[in-house]
Amino acid sequence: MAVWTTSDKLNFIERLLGTGKLAHNGRDIAVRCPICDPSDRSKKKLAITVEADFVHCWVCGFKARSLVTLIKKFGTQSLMSEYRDKFLPADANVRCTFISLEKDRSGEIKLPDDFKLLAVASDADPDVKAVKRYCNNRGLTRDDLWFFKIGVSNEPRWRRRVIVPSFDASGALNYFVARAIDPARHHKYDNPDVDRVPIIFNEINIDWTKRVVLCEGAFDSFKCGENAIPMLGSDLNEQSALFNAIVAHSTPVALALDADMWSTKTPRLASKLMEYDVNVVIVDTRKFIDPGSASKQEFNQALENAKESTWSSSFFNKLERASKTSMKL
Ligand SMILES: [Zn+2]
């Protein structure tokens, strides 16, 4: 790492975040917080320790252990390169790359021609009736059917499946999933044949300024409250639009993967998100197998119980043990 002086660092911070107020100790600077963006432009409540780049906003609570998140969101590629080459603390476990998202593919997707909203589809059709019964058994209310625009089709590929459409932030259809109602059906889920890396399922419902719940499937998301996003699987790729949106918005995350991921993918994804300074809590889904099998109340209770302090140390111990074990092999 290059050698730098306090005034180099102060100059960098002010180029990124505007003029600051230096504390009497000369070791902290306070600047205007671009995250909570106070209307009073003279308010300087984002404190940064000049030596170590610990960041904390006294108003919105934003916290970070480097300037990387702020540069990603409010800086430029050249500020990022400058930071990485000159200032990034040697032990900072954060990534400094700008990731460009793939182009939005909405428009290529369309629902089956005979798609009907389940809430208004006629029970005279036995397949429709069976789909309704399935949704009812999975705990979906009539309001849920309307809210999620759940539907049915009689095309052979989509028949006897619950079709859940996804809309992007501007309301355009960008994807759908189709869950089979018959246990013997090959492929429990069938989806349109497009790349889903650029898809954020039902982003139209998401408020990025509030904590989001990440779960595996659409049927899980129905139970996880209003700000839930199904990952459509148990992995979340760092190149995906979803991962990048979380990092770019500094959105806190509650992880609610299925119980069988409790000691594997859940802690791995938690630490991956934390590398990017994302605030993570883990929802203990072990007593109901997966969120989709819980009631909304049960899930909400588990969500309220999810506290960072109760899991982080034990998970990191576990991860450390796991890495030691794999080194021995
Ligand atoms: Zn703030």
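The values are calculated or read from the model by the stated rules, or taken from the named source; none is laboratory data. Note that the coordinates shown come from a computational prediction; the quantities given were computed from them, not determined experimentally. Please note: Cβ atoms are built from the backbone with ideal geometry, for glycine as well, and neighbour counts cover all protein chains shown. All accessible areas refer to the heavy atoms of the entire protein, side chains included, with ligands and DNA or RNA removed. Shrake-Rupley method; radii C 1.70, N 1.55, O 1.52, S 1.80 Å.
General observations
- Failed item, numbered, when Arg32 is tested on (1) without any contact (Cβ under 8 Å) to a residue 40 or more places away in the chain; (2) more than 13 Å from the ligand (Cβ to nearest atom); (3) open to solvent by less than 50 Å² (accessible area, probe 1.4 Å); (4) among the basic types (Lys, Arg): (2)
- A single member of Asn191, Asn205, Asn227 is under 11 Å from the mean Cα position of the chain (by Cα) and surrounded by fewer than 23 Cβ atoms within 10 Å (Cβ to Cβ), and it is Asn227.
- All positions within the range 143-174 that are assigned to a strand (DSSP E or B) and open to solvent by less than 40 Å² (accessible area, probe 1.4 Å): Gly151, Val152, Arg161, Val162, Ile163, Val164, Pro165, Ser166, Leu173, Asn174
- Remark: pairs (first residue in the range 2-13, within 14 Å of Ala52 (Cα to Cα); second residue not β-branched (Val, Ile, Thr) and not in a loop (DSSP other than H, G, I, E, B); Cβ separation under 6 Å; 6+ apart in sequence or on different chains) = Trp4/Lys86.
- Restricting Val128, Val177, Val197 to residues that are surrounded by 12 or more Cβ atoms within 10 Å (Cβ to Cβ), in a helix (DSSP H, G or I) and touching a Ser or Thr at 6+ places or on another chain (Cβ under 8 Å) narrows the list to Val128.
- The range 222-258, subset of a type in the set (S, T, N, Q) and without any contact (Cβ under 8 Å) to a residue 40 or more places away in the chain, residue farthest from Leu70 (Cα to Cα): Ser234
- With respect to being assigned to a loop (DSSP other than H, G, I, E, B), open to solvent by 20 Å² or more (accessible area, probe 1.4 Å) and touching a Leu at 6+ places or on another chain (Cβ under 9 Å), Lys110 fits the description.
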